[in-house]
1. Considering only segment 98-116, how many residues are out of contact with any Pro (no Cβ under 8 Å at 6 or more places or on another chain) and either part of a loop (DSSP other than H, G, I, E, B) or among the acidic types (D, E) (or both)?
2. Determine whether segment 45-57 contains at least one residue that is assigned to a helix (DSSP H, G or I), closer than 15 Å to A117 by Cα and among the aliphatic types (A, V, I, L, M).
3. If you check S39 against the conditions, is it outside any helix (DSSP H, G or I), polar (S, T, N, Q) and either modelled with pLDDT under 90 or more than 19 Å from W127 (Cα to Cα) (or both)?
4. Looking at (1) assigned to a helix (DSSP H, G or I); (2) over 15 Å from D114 (Cβ atoms), can you tell me which one A93 breaks?
5. Given the conditions (1) loosely packed, with under 14 Cβ neighbours inside 10 Å; (2) in contact (Cβ under 8 Å) with a residue 24 or more places away in the chain, which single one is not true for V20?
6. Confirm whether G66 is farther than 15 Å from L12 by Cα and of a type in the set (G, A, S).
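The values are calculated or read from the model by the stated rules, or taken from the named source; none is laboratory data. No experiment lies behind these values; they were computed from the predicted model shown. Cβ placement follows ideal geometry from the backbone for every residue including glycine, while neighbour counts extend to all protein chains displayed.
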Amino acid sequence: MDVLREKGLAPLRAILAFSVLSTGFHYWHMVARPRAYPSIPGLDETVGQVGVGAAWVVFTVIAVLGYRAYLRERYRRALVLLLVYSLSGLVTAGHFLIGFPDLPRVWLIPLVGDTVAAVALWAFVSWAWAAFNRVQVSTQH
């Protein structure tokens, strides 16, 4: 498991730090300026704001739990939690399924950042899962 700790910890920290900052800015902006984003028909604005804020907190707690499990070498649990956390960035693309946000271009940066971070986390989890499985197979022989 040393390969996961030695080669995986620094990239994981960088990806999570970037993702938490990017989603933090984005989710905060959705709470502060909800009318700038496409809304779901029939969803009350206040309910949407509370839901977005709560979602960011829940996703971030999942990220922290995944990171802590990784540090404790509980890799299966960690990787599943990190995949769940990556949804915080992937759901950003949902804005564009409903309509295009009415935002200054600078506020599109966190939207793109969320997606980039989610894809980077998926790539990391794929690498870590493959490395974990290689170690599991080699220790069984």
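1. 4
2. No.
3. When the stated conditions are applied, S39 passes them.
4. The one condition A93 does not meet is (2).
5. Of (1) loosely packed, with under 14 Cβ neighbours inside 10 Å; (2) in contact (Cβ under 8 Å) with a residue 24 or more places away in the chain, only one is false for V20: (1).
6. No, not satisfied.
This table checks each residue for (1) more than 23 Å from G42 (Cβ to Cβ); (2) in contact with a Lys or Arg (Cβ under 9 Å, 6 or more places away or on another chain); (3) loosely packed, with under 13 Cβ neighbours inside 10 Å; (4) modelled with pLDDT of 95 or more.
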position	(1), (2), (3), (4)
V91	no, no, no, no
V106	yes, no, yes, no
L111	yes, no, no, no
A120	yes, no, no, yes
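Listed here are the residues, each with its yes/no results for (1) more than 16 Å from A17 (Cβ to Cβ); (2) more than 17 Å from the chain's Cα centre (by Cα).
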position	(1), (2)
L82	no, no
L87	yes, no
P101	yes, yes
P110	no, no
